[in-house]
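Note sheet for the following structure.
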Amino acid sequence: MDEHTDDPAGMRGGLDPRAELSEFLRTRRARLKPRDVGLPDLGRHRRVPGLRREELAQLAGVSVAYYTRLEQGNGRNVSTEVLDAIARALRLSDAEHAHLTHLARPGRRRKRAEPRSRQARPALRQLLDAMETVPAYVVGRRSEILAWNRMATAVFGDWGALPPQERNWARMVFLDPAQRELFVEWEQKACDMVAYLRMDAGRHPDDPALSALVGELSVKSEEFRTLWARHDVKEKSHGVKRLRHPLVGELTLLWESLGPAGEAEQSLVTYFAEAGSPSAEALRLLGSWNADAPADGPRTPAA
């Protein structure tokens, strides 16, 4: 983390699964109210913002002592059945359930070596080039942008002009003022980016590059620090994004995140507009104006 000596994100030595498990369970329990799970609400007499540990343990069908040990970060030998019961009691999403499993069973994951090359394979690059009317890119671990097509350049800007280490969605969202102008709902985009990074961190707690990224963003962005402390997680899937483009004005685009076969660490993200909509016409104009724009530049590994 360069000259910084503090570690506001707690990531210098990698993510500590015990601490993460404790905080994740605590924050998920705090967001539930007794009425959410059919329990009586004692109102002003309650001393905690959400469910008590004993209430959660009762809902999950485990002892208070057992759940307390788990929330203190001791997930050793916890069974799949118990994790499933706690996930149901906490009303966890599928992504949150998976994250809980990653944190509770760190010893059951094998450390993976850093990929030999943080590149999209040639066939994916050819697919991007063939998608002449659809903004699309490949994103990898830590929200790194690995490859993109000409339409992505037309919509999001010239990523090829950036140093490889800056071609990173999380870094751009929090550190590039232009992104605040581009995304109409910037706050939601920021929340999503942090949730994706949290999910990545749960899978790869010993990733030094991810630790460095989280540390840098924590130092440079108060908004990132606040969102990181919420422990929210999310998988990339699909949705709608509203953009404020400097040339064609507001765009409403649907997006899909697809997992290429054999590339567990990468996603192909595509954007498109509803047929006949003003946004579809705006995309057509952008495509014609940027017909000669470069795609992702030289086919060399990211630094």
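The values are calculated or read from the model by the stated rules, or taken from the named source; none is laboratory data. No experiment lies behind these values; they were computed from the predicted model shown. Glycine gets a Cβ as well: all are built from the backbone with ideal geometry, and neighbour counts include every protein chain shown. Ligands, DNA and RNA are excluded from the accessible area calculation, which covers all protein heavy atoms including side chains. Shrake-Rupley method; radii C 1.70, N 1.55, O 1.52, S 1.80 Å.
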If you add up the charges near Ala65, with Lys and Arg at +1 and Asp and Glu at -1, over every other residue whose beta carbon is less than 12 angstrom from its beta carbon, what do you get? 0
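Taking the Cβ-Cβ separation of Arg91 and Ala19 as r and a Förster radius of 22 Å, what is the calculated FRET efficiency to the nearest 0.05?
Values: r = 23 Å, r/R0 = 1.05.
Rounded to the nearest 0.05, the efficiency is 0.45.
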Suppose the chain between Arg52 and Arg230 were pulled fully straight at 0.36 nm per residue; how much longer would it get relative to their current alpha carbon spacing? 62.2 nm
Counting Lys +1, Arg +1, Asp -1, Glu -1, what net charge surrounds Glu250 among other residues with beta carbon under 13 Å of its beta carbon? 0
Could you compute the net charge surrounding Ser22? Neighbours are other residues with a C-beta less than 10 Å from the C-beta of Ser22; K and R count +1, D and E count -1. -2
Would you kindly find the accessible area of Arg244, with a 1.4 Å probe and non-protein molecules such as ligands, DNA and RNA excluded, rounding to the nearest 10 Å²? 100
Using 0.36 nm per residue of separation minus the Cα-Cα distance, give me the extension gain between Glu132 and Lys220 in nm, one decimal. 28.0 nm
Inter-label distance for Leu162 and Asn77, nm, one decimal - labels placed 7 Å from Cα along Cα-to-Cβ: 4.8
Provide the solvent-accessible area of Leu92, counting protein heavy atoms only and rolling a 1.4 Å probe, rounded to the nearest 10 Å². 30
Binned Cα-Cα distance frequencies in region 138-254 - 10 Å width, integer %: 13, 46, 35, 7, 0
Only loop residues by DSSP count here, and only those with at most 13 other Cβ atoms within 10 Å; note down the chymotrypsin sites (Phe, Trp or Tyr not before Pro) in region 140-186 that meet that. none
